[in-house]
Structures are given as structure tokens and as C-alpha cells.
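Enquirer: Dropping the structure in here first, questions after.
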Amino acid sequence: DHLSTFGGNPVSCAAALANIDFMLEEHLCEQTMEKGAYLMDRLTKVQQDTPLIGEVRGLGLMVGIELVLDEKRTPATAETEAIRDHCLANGVLVGVGGVYGNVVRVQPPLVITRPQIDQAVNAIAHAIEQVHAKTTASVARGASSTAAHWPTAATMGGLLNPPARLHNLHSCAAPCRA
């Protein structure tokens with residue numbers, strides 16, 4: 001916006017142009033499709049191991065993991081929140097979205113590496129496994145809702161200051177030269 005204080009100023013424009021140049025030089029758009037296919041493949045394999053995942057969908061590095069409680073595709077809202085918090089506790093940031101709040105959003109920076117994708121998928125898979133086990137145990141005990149049993153970021157103490165090793169898989173950070 002050229003009418004605002006922050007939009008269209010020379011420094012912002014120079015930074016934007018430098019980012020565009022970097023994206024073109026490093027072929028980030030092409031890499032995004034390749035890395036996204038790898039991410040989708042890894043997550044689809046995780047889906048085969050748990051009925052909690054109803055669908056894995058996305059394009060490029062913007063991927064959603066829809067979580068459901070049963071064959072009727074009942075949204076697993078509380079479980080999705082728990083998975084996000086579990087991932088946060090293990091150094092991986094994911095988002096929660098979808099109409100019912102039951103989609104784990106994975107949106108890593110364009111410069112993510114395959115080892116980082118593997119680390120993120122392993123953390124997500126572990127979180128899903130842990131939450132699914134807890135959900136299954138709660139249902140076996142006859143609990144009607146599991147939402148009250150999940151820790152949240154607010155109740156997990158030290159997570160307000162995440163570890164330095166935290167990998168941001170929620171926002172597409174602008175690429176920078178290392």
C-alpha cells in the first residue's frame with residue numbers, strides 16, 4: 001500500500017526486491033514443489049499408521065493434516081490442539097486451521113532442507129501417536145470428551161520461551177542468505 005507509513009518505502013522495496021532475486025537465483029519455486037511432494041509422501045505414510053488422520057492435502061510446502069475421530073469424519077478438534085502443543089514442546093511449530101479447527105497446518109519456510117522436513121515429520125508423527133494413544137485410552141475408560149485432559153501452551157509453563165532450536169513450520173519466512 002503506497003499510502004501507508006510502512007508500505008512502499010524505499011527500504012521495504014529494496015528488501016522485497018532482494019528477496020525476489022534470492023528466490024529466483026536459488027530456484028525456490030521449483031524446489032518448493034519437490035520438497036512439498038517429499039513432505040506429502042512422508043505424511044501420507046504417517047496417515048497409513050493412524051486412523052486419526054482423515055486426509056493429508058496441500059500444494060507445495062503448504063500442507064494440511066485433517067484429523068478425525070471416526071469413519072464419519074467427526075472433527076478431532078481437541079486432539080488437533082493437543083498435537084500442536086506437543087509439537088511446540090518438541091521444537092516444531094505448526095498451526096491449527098480448518099472450519100472445525102481440526103487441521104494441522106504445516107507451512108515451513110521455502111529454504112527448509114530434507115533433514116529438517118524429516119525432523120518435523122518425525123515430531124508430528126510422534127505427537128499424533130501420543131495423542132491417538134491417549135484418545136484411545138480415554139475412550140476405553142468411557143470418557144465422553146478428551147479436551148479437558150490435554151495440556152495447552154498456556155498450561156505448559158516454559159513454553160512461553162521456546163527453545164532456541166525451535167524450527168518454524170508455521171510461517172513462510174522470507175529466505176535469507178546464511
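The values are calculated or read from the model by the stated rules, or taken from the named source; none is laboratory data. Computed from a prediction, not measured in an experiment: that's the story for all the values here. Methodologically, a virtual Cβ is constructed for each residue, glycine included, from the backbone with ideal geometry; neighbour enumeration extends over all protein chains shown. Heads up: the accessible areas ignore ligands, DNA and RNA and are worked out on the full protein's heavy atoms, side chains in. Shrake-Rupley method; radii C 1.70, N 1.55, O 1.52, S 1.80 Å.
Enquirer: Share of the stretch 1-129's accessible area from carbon and sulfur, percent, 1.4 Å? Display every interim value, and only then the final one.
Expert: Numbers: 4100 of 6900 Å².
For the stretch 1-129, the apolar C and S fraction of the accessible surface comes to 59 percent.
Enquirer: What shape does the stretch 61-110 have by the C-alpha gyration tensor, where a ≥ b ≥ c are the square roots of the eigenvalues, rounded means a/c under 1.5, and otherwise prolate means a/b greater than b/c and oblate the rest? Write down the numbers at each step before the final one.
Expert: Values: a/c = 2.66, a/b = 1.52, b/c = 1.75.
Judged from the Cα gyration tensor, the stretch 61-110 comes out oblate (a/c at least 1.5, b/c at or above a/b).
Enquirer: Expressed in nm², what is the orientationally averaged projection area of the convex hull enclosing the Cα positions of the stretch 1-92?
Expert: Over all viewing directions, the stretch 1-92 projects a mean Cα-hull area of 9.3 nm².
Enquirer: How big is the accessible area of ILE128 in square angstrom, nearest 10, if you roll a 1.4 angstrom probe over the protein chains?
Expert: Probe radius 1.4 Å; accessible area of ILE128 about 0 Å².
Enquirer: Apply the Karplus parameterisation 6.51 cos²θ - 1.76 cosθ + 1.60, with θ equal to phi minus 60°, to every residue of the stretch 67-79 and state each ³J(HN,Hα) to the nearest whole Hz, in sequence, with x for glycine and proline.
Expert: 9, 9, 8, 7, 5, 6, 6, 5, x, 9, 5, 5, 5
Enquirer: Counting other C-beta atoms within 10 Å, and keeping those with at most 15, which DSSP coil chymotrypsin sites (Phe, Trp or Tyr not before Pro) do you find in the stretch 1-98? Display every interim value, and only then the final one.
Expert: Values: sites: PHE6, PHE22, TYR38; in loops: PHE6.
Answer in residue order: PHE6.
Enquirer: Could you go through the stretch 114-124 in sequence order and give the Karplus-derived ³J(HN,Hα) for each residue, using 6.51 cos²θ - 1.76 cosθ + 1.60 with θ = phi - 60°, rounded to whole Hz, and x for Gly and Pro?
Expert: Each residue's phi maps through the Karplus curve to give 4, x, 5, 4, 4, 4, 5, 5, 4, 5, 5 Hz.
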